[in-house]
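The values are calculated or read from the model by the stated rules, or taken from the named source; none is laboratory data. Note that the coordinates shown come from a computational prediction; the quantities given were computed from them, not determined experimentally. Note that we place each Cβ from the backbone using ideal geometry, even for glycine, and neighbour counts take in every protein chain shown.
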Amino acid sequence: MERCTPLAIVNAQLVNEGECYNGAVLVDSAGRIAQVIRGGAPVSTGGYRVMDAGGAYLFPGVIDTHVHFREPGLTQKGDIHTESAAAVAGGVTSFLDMPNTKPPATDRATLQEKKRLAQGRAYANYGFYLGASAGNLEEIKRVDSREVPAVKLFMGSSTGSLQVTDSAVLEQIFAQSPLPIAVHCETDAIIAKNLAEAKAKWGDEIPFTEHAAIRCSQGCLQSTRLAIGLALSHKSHLHILHISTKEEVEELKRLATTDGARYVTAETCLHYLWFCNDDLSRLTWQLKCNPAIKYKEDRQALRTALRQGVFSTIGTDHAPHLEVEKKQNYALSPSGIPSIQYAFVGLLEVAEQENIPLPRVVELTAHTPARLFRVEERGYLREGYIADLVLVAREAKAYSAGSLPIYGRCGWSPYQGESFHYRVKTTIVGGIPVYQQGVLTEKPCGQPLTFHSIY
């Protein structure tokens, strides 16, 4: 079946499966990789549209395993169409969307509705988590592993049915989920105590710089230890989301020396690697997120852990809110950062600063997400795989992120005031160049992701 014009990407630096080398990639009319070529341009490009990469890096498209695209029910903040546009502008070709929408995605019917909403409107390929609740254990047990990548569990920082704190329910979820369990780890009792103390001191004028003290390291660590204990007890796959503290890093390092390491993987996000609590003095509401961005020593510990291979994935935790919502006082300002358009180029900057090889970056953004979440035929530059690709140039002079149009609906990001040397030149989804030189060039063509069966 013809999907696209055959494409020859030549004169590129291919970054894939532990290597970086000069080469070319041929994409056939079905949108699959027909050939991966080492060395110069292919002998013959007859019948192919030729794209000269000019020595830029060609990566497998980013698989972002942690986004909040707000649809259904919260579309004043963003939706699948607008946020996936921001995604491809940032080199993301596939995303896994979280279940905290309205209604929450805690059953098969709601998941099917989200998939319907994405059809023909998503610029990137899409998948959706099944949310865990206190009352949907049967849904979790019956989930179709070909259609759902994982279960999302909020052990803190959520509202309504998506927050699960009952120990007996947690035991059942870890014991009976057939899928990996991706967990938000914070202890609400600790946070509530800290918030009450802050209100007693500051009233309605709590400074945003207090966020790291209110949503403190101990609140993260206690919940993370609980989740690890449950995973080891039931031999279930736990994926800990948005690690933000040096204490959690040490916990993961200790676990790595034991047999329990095979049951637990972890993610961090660019905002924990890029910013620290000092930045809330100038960016205030823009950097309020959960878990909180912590202190300089936490940021450095996370960067060191990134270099040491502690993390398996880097998610964006893209979570848009309107500026008018965010600009309220601390207690009313919702938590969340719109970041997907800048996260990959920002990560490349961090990798360069920390002397992390580019093939390691690809493991974090494509190879390991595809493996952990069983994504079929994506995440690698392999012949026969679907051609989800991103072409990135490193420029000698840094540019301001604020010079680029913002594609997300909320229209702001804390990264707008930052500068990067890396620039997304072209994003290709299923063989179709959907974003080129700062412009969306095609209609949405994302496809539903499929996942290898666990049975």
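Structure values in brief
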read-out	value
Tabulated pairs, the range 94-112, first over 14 Å from residue 161 (Cα atoms), second of a type in the set (Phe, Trp, Tyr) and part of a loop (DSSP other than H, G, I, E, B), C-beta under 6 angstrom, 6+ apart or interchain	97/69; 98/129
Entirely in the range 238-322, the helices (runs of 4 or more DSSP H) that have 3 or more residues that are charged (D, E, K, R)	246-256, 296-308
Index of the failed condition, residue 163 passing every other in (1) within 19 Å of residue 240 (Cα to Cα); (2) modelled with pLDDT of 95 or more; (3) of a type outside the set (Lys, Arg)	(2)
Among the candidates 435, 407, 422, 455, residue that is modelled with pLDDT under 95 and outside the structural domain of residue 115 (by TED's automatic domain parsing)	455
The range 204-227, subset among the charged types (D, E, K, R) and part of a helix (DSSP H, G or I), residue farthest from residue 100 (Cα to Cα)	210
Test: residue 352 is under 26 Å from residue 93 (Cβ atoms) and of a type in the set (Asp, Glu)	yes
Extreme residue, nearest to the chain's Cα centre (by Cα), among residues of the range 7-51 that are closer than 16 Å to residue 384 by Cβ and not in a strand (DSSP E or B)	17
Checking residue 388 against (1) closer than 22 Å to residue 7 by Cβ; (2) within 18 Å of the chain's Cα centre (by Cα); (3) surrounded by fewer than 22 Cβ atoms within 10 Å (Cβ to Cβ), the condition it does not meet	(3)
Test: residue in the range 310-327 that is in the same structural domain as residue 273 (by TED's automatic domain parsing), over 30 Å from residue 282 (Cβ atoms) and buried (at least 18 other Cβ atoms within 10 Å of the Cβ)	yes
Residue 296 over 20 Å from residue 183 (Cβ atoms), free of Cβ contacts under 8 Å to residues at least 60 places away in the same chain and touching a Phe, Trp or Tyr at 6+ places or on another chain (Cβ under 8 Å)	no
All positions within the range 219-254 that are surrounded by fewer than 20 Cβ atoms within 10 Å (Cβ to Cβ) and more than 30 Å from residue 339 (Cα to Cα)	229, 232, 233, 234, 235, 254
Some residue of the range 80-88 being out of contact with any His (no Cβ under 6 Å at 6 or more places or on another chain), of a type outside the set (A, V, I, L, M, F, W, C), outside the structural domain of residue 117 (by TED's automatic domain parsing) and outside any strand (DSSP E or B)	no
Selection from the range 1-24 of residues that are aliphatic (A, V, I, L, M) and either touching a residue at least 40 places away in the same chain (Cβ under 8 Å) or outside the structural domain of residue 387 (by TED's automatic domain parsing) (or both)	1, 7, 8, 9, 10, 12, 14, 15
Some residue of the range 139-148 being within 19 Å of the chain's Cα centre (by Cα) and either surrounded by fewer than 20 Cβ atoms within 10 Å (Cβ to Cβ) or under 30 Å from residue 393 (Cα atoms) (or both)	yes
Top-ranked residue of the range 106-134 - restricted to ones that are in a helix (DSSP H, G or I) and of a type in the set (A, V, I, L, M), ranked as nearest to residue 433 (Cα to Cα)	118
Single unsatisfied condition, residue 64 versus (1) within 21 Å of residue 240 (Cβ to Cβ); (2) in a loop (DSSP other than H, G, I, E, B)	(2)
Residues within the range 399-455 that are over 15 Å from residue 349 (Cβ atoms), of a type in the set (D, E, K, R) and surrounded by fewer than 19 Cβ atoms within 10 Å (Cβ to Cβ), tallied	2
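A quick yes/no check of all residues on (1) more than 23 Å from residue 192 (Cα to Cα); (2) in contact with a Lys or Arg (Cβ under 6 Å, 6 or more places away or on another chain):
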site: 244; (1), (2): no, yes
site: 255; (1), (2): yes, no
site: 271; (1), (2): yes, no
site: 275; (1), (2): yes, no
site: 284; (1), (2): no, no
site: 288; (1), (2): no, no
site: 301; (1), (2): yes, yes
site: 309; (1), (2): yes, no
site: 312; (1), (2): yes, no
